[in-house]
Each structure stands twice: as C-alpha cells, then as structure tokens.
1. Below 8 Å, C-alpha to C-alpha, sequence gap of six or more: please give me the relative contact order for the range 89-253 in percent.
2. Just the number, please: Stokes-Einstein D of the range 89-253 in µm²/s, Kirkwood Rh from C-alpha pairs, 25 °C, 0.890 mPa s.
3. Work out from phi, with θ = phi - 60° and the Karplus expression 6.51 cos²θ - 1.76 cosθ + 1.60, the ³J(HN,Hα) of each residue of the range 215-226, listed in order in whole Hz, and give x for Gly and Pro.
4. Report the Cα-based extents of the range 146-239 along its three principal axes, largest first, to the nearest Å.
5. Using amide H atoms built 1.01 Å from N in the peptide plane, name the residues 5+ places from Thr177, or on other chains, whose amide H lies under 5 Å from its own.
6. Starting at the first residue of the range 144-152, write each ³J(HN,Hα) from the Karplus equation 6.51 cos²θ - 1.76 cosθ + 1.60 with θ = phi - 60°, in whole Hz, x for Gly and Pro.
Amino acid sequence: MYHIFWLIAFIVVVPVFAQSSPLITDEDIESIIAEIETMLAEEERTMNSWDWIMTGTAPSITVSLLPELQALRNPASMILRNVQEAISFIHGEWITRFGTVETFGAERNIRRDEVATMFARTYKIFVSDTVPALPSRCLFEDLDQAHNDLVEIVKESCALWLFQGSNGRFLPRSQFTNAQALAVLVRMVSGHEPETGGVHWAQAYWVSARQFGLTQGLAADNRANLDRPITRGDVAKMLEAAVRFLEAKQALQPSAQQELVFRQTGYAVQARRSNRMNQ
C-alpha cells in the first residue's frame with residue numbers, strides 16, 4: 001500500500017510544482033502518470049479477493065483517483081475544477097445561491113452591486129452580523145440602477161466600510177477590478193490600508209493580500225492585472241480564501257465569550273456561525 005502514499009503525494013504536489021517550475025515538462029507528467037497507472041493495475045492484481053472484501057480500499061482509490069490523473073493531463077480542467085470547488089464552498093456557506101460554474105457564470109466579469117452583496121454576506125456571517133446605522137454617505141443617488149433585490153445589502157456593504165462610492169454614486173453596473181476586489185478583501189479580513197502614494201492606489205492592499213496568502217492562483221497576484229476586471233470565478237476563489245483566513249484567525253483569537261466558557265468549564269467552545277443567508 002506504500003504505492004498509494006506516493007500516488008497521493010504526487011497528485012497533491014505535482015500540479016503546484018508543474019506550474020511553478022519549468023523543469024517539469026508535459027512529457028515528464030505523461031511518463032509519471034503512465035507509471036502510476038501501471039502501478040495501480042499491479043496493485044489490483046496482487047491483492048487477493050479476501051483483501052478486497054475486508055478493506056475495499058484499492059478499487060475505491062483506483063476509481064476515485066482516475067479523474068485526478070486525467071486532470072493533470074489537462075491544466076485547463078485542473079483550473080476549472082478549482083473554480084468549481086471554490087463556488088461549491090461559498091455556495092455551501094450561503095454566500096451565493098449558485099452552485100456550479102455554469103450557473104455562477106465563473107468566466108464572466110462581475111458588477112459592483114453583485115460583488116458587494118457577496119462580500120457583505122461574507123462579512124456578516126464570518127466577522128460580525130451587526131450592521132451600523134446607515135450613514136448619509138451610503139444613500140447613493142444611483143441605486144435605482146442596481147438589481148432591486150440587492151439595494152439594501154449594497155447599502156450595508158457601505159455601512160460596513162467595505163465599499164465606498166464616488167461623488168454620491170455607487171456605480172452598481174460598473175465592472176469590478178482586481179484592485180478594487182483586493183481592497184475590499186483586505187478591509188474585511190484586516191482593515192483599511194493607505195490609498196495614496198506608491199505606484200498604484202491599491203498597492204498597500206495588494207502587498208497585504210499577498211502577505212496573507214490570499215492571492216495565490218488569482219490574476220490579482222500579478223500587479224499588472226490590478227486595473228483589469230475581475231472574473232466571477234476569481235471572486236469565488238477570493239471569498240473562499242477570505243473565509244478560511246478568517247476562520248484560522250478566529251481560531252487563534254477566541255472571543256471573550258469562548259474564553260469565559262473555557263475558564264468556567266475547562267472546555268474550549270467552537271463559535272457557532274450565525275446569520276446564514278439562504279439566498
């Protein structure tokens with residue numbers, strides 16, 4: 001069964017390695033995959049019927065890993081699968097009601113009112129469900145251009161200091177850029193950064209997001225892409241990264257209530273998520 005260990009290690013490590021290192025060619029990957037498939041076939045032949053009945057391991061591993069092997073042959077399918085995983089994740093967290101690449105429209109660009117909705121939902125679920133009283137700065141004059149069912153949460157995204165308008169306008173139909181997405185992302189997980197000076201207004205947000213490890217696999221990781229529209233698929237991956245970062249941060253910094261329960265009972269208590277939004 002040690003073969004299976006090396007197979008799993010190969011599937012986890014090689015895709016990342018292959019993207020970052022020019023030393024691994026397509027021919028190398030094909031050769032390794034062929035060797036692994038031969039290894040799996042040999043594993044099946046050497047296991048007797050009793051082993052199969054008692055463990056049920058080899059057939060399930062063989063079948064379940066075949067899509068992984070095929071994905072390595074097609075990097076585009078690997079990327080598409082990662083986008084689907086991110087969409088499934090945020091769908092499961094009730095950040096979006098769409099659960100597939102097709103229904104989510106992963107390859108399309110995204111409007112400001114749409115992305116504001118997803119970031120505000122994420123904030124309310126994983127940071128705080130308390131929304132401050134709506135300030136006058138959030139009474140944008142052009143919200144009649146937003147989707148009707150998103151108007152209120154767009155206002156909330158402003159009250160939460162995630163989004164800002166320009167000269168009294170929110171510009172709900174405008175396409176969202178990678179720079180704007182990084183700014184909102186960092187505001188949500190860490191706080192505001194200076195927006196003046198440097199080679200780009202979002203330079204500080206870009207640096208912080210990269211330091212937090214929130215831009216891996218995203219177009220926004222490349223500073224040259226900051227002013228380009230962000231795709232809905234990259235928004236999904238960004239939100240998944242944000243949620244996992246916030247959960248890790250919360251695990252390291254337990255709330256006062258958790259600390260109180262721990263002192264009183266000696267047991268750590270995991271905070272329950274609230275404000276799930278089934279929309």
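1. On the way: 212 pairs, mean separation 47.4, N = 165.
It rounds to 29 percent for the range 89-253.
2. Details: Rh = 16.0 Å.
Roughly 153 µm²/s, to the nearest whole number.
3. Each residue's phi maps through the Karplus curve to give 10, 4, x, 10, 4, 5, 5, 8, 4, 5, 9, 4 Hz.
4. 36, 28, 22
5. Ile230
6. 5, 8, 7, 4, 4, 7, 10, 4, 5
Throughout, read-outs are computed from the coordinates displayed, never taken from laboratory work. Computed from a predicted structure; not experimentally measured.
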